[in-house]
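Peer 1: So that we are looking at the same thing, I have put the structure below in structure tokens.
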Amino acid sequence: MNVLAVFLQDQPDLATAQHALMVMIPIIVVGGLIALAIILIPYWFICKKAGFSPWLTLLNIIPFGNLVLIYVLAFAEWKVAPAPQPGWPQPPYPQPPMPPQA
């Protein structure tokens, strides 16, 4: 709250303003790195599971790179193996009712 008061003064003290900015810069950098990790980690796993190089995730760092990555993932053919089929035939479900015994 004191930081906001420093900047709202008519004639702020230059040393106090510089000190406030020096305190805010590391907080902004750490917050940015955390936000970047929150974005990059899920894209890393999505690219890996889709059969693409996980390094495509780094497109998120450049401007509009996220948009490019989304289009690559949306319209490319994913190199995922289909689920294996069972080796024996499955019985029909549910089983047909048995006729009553007389």
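All of the numbers you see were taken from the coordinates with simple rules; none came from a lab. Keep in mind it's a predicted model, so treat the numbers as computed, not measured. With ideal geometry, Cβ positions are generated from the backbone for all residues, glycine too; neighbour counts draw on all protein chains shown.
Peer 1: Taking 0.36 nm per intervening residue step and subtracting the Cα-Cα distance, what contour gain separates Val80 from Ile38 on full extension?
Peer 2: Result: 12.6 nm gained on full extension.
Peer 1: Provide the FRET efficiency to the nearest 0.05 for the Ser53-Gln18 pair, computing r from the beta carbons and using R0 = 41 Å.
Peer 2: Efficiency, rounded to the nearest 0.05: 0.40.
Peer 1: Quick one: Cα convex hull volume of region 34-75, Å³ per residue?
Peer 2: With only Cα atoms used, region 34-75 gives 56 Å³ per residue.
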